[in-house]
Amino acid sequence: MRTTKSIFIALAAAAFLWPMYTFAADVGANSEQLQEIVVTAQKRVEDVQRVPISVSVFDAASFDRLSIQNLPDIVNRTPGVDYQLTGPKNLLAIRGIYSGGGAATTAIYLDDVPVQVRVGIVGLVGATLPAVFDLDRVEVLRGPQGTLFGSSAEGGAIRFITPEPSLTQYSGYSRVDAGYTDNGDPSYEAGAAFGGPIVSDELGFRVSAWHRRDGGYVEHLSAIPGGYNYSNSNWGDSDVVRAALAFAPTASLKITPSLYYQHLYSHDSSGFEPAESSQSADAFVQQWGSLNPQYSNIGRSRFVNPQLEQTPSTDTFYLPALKAEFDVAAVQIISDTGYLHRSDTTNEDFTTATPVAFGLAWPLVAAAADHNIINTYQNVLTEDLRIQSADDSNQPLVWTFGFSFVQARQRSYNPEYSPYLPTLVPGTVLLPGNLSYIGDERSADKQLALYGQATYRLTTQWSVTAGARIARDTIDYSIYQTGPFAGGTSYATGKQSQTVKDPKVGVNFQLNDDNLIYVTAAKGDRIGGVNAPFPLTGSCLSLLNQIGLNGIPPLYQGDSLWSYEIGSKNRLFNGHLVLQASAFHIDWTNVQQSVSLPPNLCPETFTSNLGKATSNGGDLQATARIGDAWELGLAVGYTKARDSQTLGPGAIEYVTSGQQINPYAAPWTVVPSAQYSFMLHDLKAYIRADDEFHSKNPGPFAQQFANNVAVDPNFIANPSTNELNVHFGAMWDGWDNSVYALNVLNSHPLLYNTALETAQFVGPTYTIRPLTVGIRTIYRW
């Protein structure tokens with residue numbers, strides 16, 4: 001059955017691609033070609049079609065054309081990438097390389113500053129994600145990028161590239177948008193960017209500011225009388241301000257200081273409880289045993305959050321940076337310095353989690369309120385200094401050598417308020433302020449590295465690429481925990497260091513200017529870390545004893561992988577059909593992986609090194625311009641990532657060979673698109689449709705193996721998802737006015753669904769934002 005589905009999807013992709021190929025053959029030589037796309041995936045300016053890396057690129061025009069507002073909008077359209085968003089936590093996987101614990105497997109860069117985060121004590125806060133406004137482009141690099149981008153780029157890297165100030169001409173961009181979500185609140189945004197020369201050829205600037213409100217669509221109607229109630233509670237605000245100045249005192253030197261500021265606020269969780277949504281008040285009472293009387297019409301809303309408390313979050317960061325470029329003879333010297341300061345505060349409702357951990361009945365009174373606060377602070381100082389050959393495609397040898405320094409400090413401070421606990425557990429003594437738990441986790445990651453990469457052209461068609469990074473990675477960490485929920489007071493400290501070597505080799509065959517075939521082998525790695533001591537209470541201690549542990553392993557080591565890729569990039573029919581295709585095999589060893597205990601008995605996890613895993617798959621991207629009217633696109637990705645070794649004490653298994661590395665990953669991603677352009681009176685009008693399909697993961701999952709520590713007969717895998725988006729607009733004299741409908745089919749699949757795991761509300765379910773219609777006005781000058 002699985003093979004049949006795979007064949008069906010592959011045939012559907014071929015059926016879509018074949019007309020693109022054949023129709024493009026009939027295009028006249030005078031019709032408009034597809035534009036070249038420039039990237040800096042190898043830290044130099046190149047046409048993406050000549051870069052021997054699997055890359056997806058989204059430029060400023062793509063953001064507007066596809067209604068892209070944030071990273072999820074990007075990765076949902078990108079083959080080979082999975083994005084898991086459950087509240088404040090966001091986890092990324094590229095080509096199946098995923099981990100729920102430890103250091104990140106995907107590097108995220110804002111220009112040349114990494115912003116990824118370690119998963120903290122409770123694993124509820126993810127990386128800060130730059131908003132998508134006044135960006136030059138976003139580059140998604142698939143496959144390990146350790147040679148040029150260092151540790152944590154095991155699966156790949158995502159790079160947000162900001163525009164540089166112009167020294168020669170003025171330009172501006174503004175966008176206003178207003179939309180309405182089905183059974184929700186309105187959304188709106190406004191932003192503008194402007195820049196140009198202050199002194200021609202010597203001094204230039206660019207400034208931008210943007211605000212967006214995303215209207216809520218989840219009703220927060222507490223199941224406990226006296227709890228939090230708010231209509232369309234999950235609204236959020238985004239604010240971004242950026243300023244950059246370019247100074248070129250001579251023709252060979254340019255210095256660019258910049259400042260990026262971002263503030264994100266989420267009023268409440270977007271999670272909901274399917275059992276309480278779209279049902280009658282009587283059914284609600286039967287489920288929960290009580291009901292807030294003033295909300296007797298519950299069930300009229302499609303999405304209902306019955307948690308006792310509001311769970312807001314605030315994420316703020318600023319990033320000053322300084323870039324200096326010096327050209328001398330045929331050599332460039334480039335320095336990129338940056339400093340990220342981030343502060344994130346996230347609230348979680350633990351009213352149900354705490355009773356589960358202590359084996360107590362779920363409370364039904366507001367006095368049982370228990371909430372958890374996760375304060376995350378990041379300070380990342382980076383310096384990348386490199387010397388490289390000038391950007392000249394006629395040179396037989398193209399090379400880059402550099403030095404990299406990264407110091408990333410992170411603190412997670414985590415108090416939990418449980419004023420009711422002494423009543424439910426007599427004899428419990430809380431900490432001052434009615435705290436049942438305090439966790440304070442601090443880490444300092446440091447990397448010193450030398451790296452280099454060179455491509456030598458053997459003939460006009462054949463070239464070889466070789467590179468390596470030698471790095472010294474060090475992490476210092478400490479974890480302090482106290483309070484009854486921690487089972488007492490504990491303090492753990494430690495330090496790990498490792499020297500890593502990340503080589504890369506490749507052979508490239510440039511058939512002509514428009515066609516490239518390449519083969520590469522590359523290595524990626526990440527450093528290890530420390531686990532927080534377990535709260536040794538009740539069922540948690542019992543479960544640990546069953547798997548042969550009196551506590552969790554205090555340390556876990558680094559891991560690494562080798563990736564082997566073959567790919568091709570083709571520009572056919574006089575530039576009217578552009579293709580990118582690749583296939584890969586990955587061997588991952590000493591995998592850092594999260595071990596989950598059954599959530600209905602102990603909602604805890606720890607990170608351990610769990611043997612080996614493999615990932616296999618491929619991706620295809622195609623764009624065709626047919627005459628002056630049609631532009632067709634297709635992105636297809638397939639990934640099969642599984643553990644390949646069984647590990648565990650005796651009959652109990654931490655990991656079972658054959659289980660999915662990421663239980664929520666979609667093996668297939670298929671995104672077809674079509675745009676038709678035509679003249680409407682004197683206006684250039686267009687209609688565009690994009691469809692995003694993500695297949696259901698067939699398993700098997702760790703939760704389905706009887707001997708696996710994570711066995712859970714109530715586990716629910718994500719279903720397949722399909723989201724259709726449509727745009728209609730017209731352009732003239734720099735204006736682009738459009739109307740749009742996102743999620744046209746109003747699909748709302750149940751994602752990350754844990755609501756049925758127990759009879760109590762232990763975790764929310766999420767879905768795609770419902771049907772949203774709106775109007776957008778853009779002006780470029």
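Laid out as a table, the results:
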{"item": "Residue list for segment 306-325, filter: closer than 30 Å to Thr352 by Cβ and open to solvent by 50 Å² or more (accessible area, probe 1.4 Å)", "result": "Gln310"}
{"item": "Scan of segment 173-219 for residues that are touching a residue at least 60 places away in the same chain (Cβ under 8 Å) and outside any strand (DSSP E or B), ordered by number", "result": "Asp182, Asn183, Gly184, Tyr217, Val218"}
{"item": "Considering residues of segment 336-352 that are over 28 Å from Tyr318 (Cα atoms) and open to solvent by less than 30 Å² (accessible area, probe 1.4 Å) only, the residue modelled with the lowest pLDDT", "result": "Thr352"}
{"item": "Given (1) assigned to a strand (DSSP E or B); (2) buried (at least 24 other Cβ atoms within 10 Å of the Cβ); (3) modelled with pLDDT under 90; (4) not aromatic (Phe, Trp, Tyr), index of the condition Leu85 fails", "result": "(2)"}
{"item": "Evaluation of Gln42 against (1) modelled with pLDDT under 85; (2) polar (S, T, N, Q); (3) over 30 Å from Ser174 (Cβ atoms) (one fails), failing number", "result": "(1)"}
{"item": "Top-ranked residue in segment 367-392 [being assigned to a loop (DSSP other than H, G, I, E, B) and out of contact with any Leu (no Cβ under 8 Å at 6 or more places or on another chain); ranked as least open to solvent (accessible area, probe 1.4 Å)]", "result": "Ala390"}
{"item": "Any hit, segment 393-401, residues being under 30 Å from Ile224 (Cβ atoms), open to solvent by 30 Å² or more (accessible area, probe 1.4 Å) and not in a strand (DSSP E or B)", "result": "no"}
{"item": "Filtered residues of segment 216-263 (kept if under 21 Å from Ala366 (Cβ atoms), in contact with a Leu (Cβ under 8 Å, 6 or more places away or on another chain) and open to solvent by less than 20 Å² (accessible area, probe 1.4 Å))", "result": "Ser222, Ala223, Ile224, Gly227"}
{"item": "Qualifying residue in segment 481-503 (condition: within 20 Å of Gln388 (Cα to Cα) and over 27 Å from the mean Cα position of the chain (by Cα))", "result": "no"}
{"item": "Failed item in (1) assigned to a strand (DSSP E or B); (2) in contact with a helix residue (DSSP H, G or I) (Cβ under 8 Å, 6 or more places away or on another chain), with Gly729 passing the rest", "result": "(2)"}
{"item": "Leading residue by the ranking (farthest from Gly143 (Cα to Cα)) among those in segment 566-576 that are open to solvent by less than 10 Å² (accessible area, probe 1.4 Å) and at pLDDT 95 or above", "result": "Lys569"}
{"item": "Selected residue (only one of Leu91, Leu34 is assigned to a loop (DSSP other than H, G, I, E, B) and either closer than 13 Å to Val140 by Cβ or at pLDDT below 90 (or both))", "result": "Leu34"}
{"item": "Inter-residue pairs, beta-carbon under 8 Å, first farther than 23 Å from Ser563 by Cβ and in segment 610-626, second of a type in the set (Phe, Trp, Tyr), 6+ apart", "result": "Ala624/Tyr21; Ala624/Phe23; Ala624/Trp630; Ile626/Phe23"}
{"item": "Filter pass, Asp733 being more than 25 Å from Gly184 (Cβ to Cβ), acidic (Asp, Glu), surrounded by fewer than 16 Cβ atoms within 10 Å (Cβ to Cβ) and free of Cβ contacts under 8 Å to residues at least 24 places away in the same chain", "result": "yes"}
{"item": "For Phe761: the one exception among (1) at pLDDT below 95; (2) open to solvent by 40 Å² or more (accessible area, probe 1.4 Å)", "result": "(2)"}
{"item": "Residue in segment 494-502 that is under 30 Å from Asn531 (Cα atoms), in contact with a Phe, Trp or Tyr (Cβ under 7 Å, 6 or more places away or on another chain) and at pLDDT below 95 present", "result": "yes"}
{"item": "Considering residues of segment 628-656 that are more than 30 Å from Leu577 (Cβ to Cβ), in contact with a strand residue (DSSP E or B) (Cβ under 6 Å, 6 or more places away or on another chain) and of a type in the set (Gly, Ala, Ser) only, the residue least open to solvent (accessible area, probe 1.4 Å)", "result": "Ala641"}
{"item": "All positions within segment 40-54 that are farther than 27 Å from Ser677 by Cα and open to solvent by less than 60 Å² (accessible area, probe 1.4 Å)", "result": "Thr40, Ala41, Gln42, Lys43, Arg44, Glu46, Val51, Pro52, Ile53, Ser54"}
{"item": "Options Tyr451, Tyr456, Tyr477; residue that is at pLDDT below 90, in a strand (DSSP E or B) and among the aromatic types (Phe, Trp, Tyr)", "result": "Tyr477"}
{"item": "Pick from segment 106-115, criterion open to solvent by 10 Å² or more (accessible area, probe 1.4 Å) and not in a strand (DSSP E or B), ranking: modelled with the lowest pLDDT", "result": "Asp112"}
{"item": "Qualifying residues in segment 671-720 (those that are β-branched (Val, Ile, Thr) and open to solvent by less than 20 Å² (accessible area, probe 1.4 Å)) - the one modelled with the lowest pLDDT", "result": "Val709"}
{"item": "Yes/no for Phe23 being modelled with pLDDT of 85 or more and within 19 Å of Ser673 (Cβ to Cβ)", "result": "no"}
{"item": "Selection within segment 495-511 - among the charged types (D, E, K, R) and crowded, with 17+ Cβ neighbours inside 10 Å", "result": "Asp502, Lys504"}
{"item": "In segment 164-188, the residues that are over 30 Å from Asn743 (Cα atoms) and open to solvent by less than 20 Å² (accessible area, probe 1.4 Å)", "result": "Pro165, Gly172"}
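Each row is one residue, and each column tells you yes or no for (1) under 30 Å from Pro274 (Cβ atoms); (2) part of a strand (DSSP E or B).
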| residue | (1), (2) |
| --- | --- |
| Arg642 | yes, yes |
| Ala651 | no, no |
| Asn662 | yes, no |
| Thr669 | yes, yes |
| Lys684 | no, yes |
| Arg688 | no, yes |
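The values are calculated or read from the model by the stated rules, or taken from the named source; none is laboratory data. These figures come from a predicted structure and were not determined experimentally. Neighbour counts run over all protein chains shown; Cβ positions are idealised from the backbone, glycine included. Note: areas computed on protein heavy atoms with side chains; ligands, DNA, RNA excluded. Shrake-Rupley method; radii C 1.70, N 1.55, O 1.52, S 1.80 Å.
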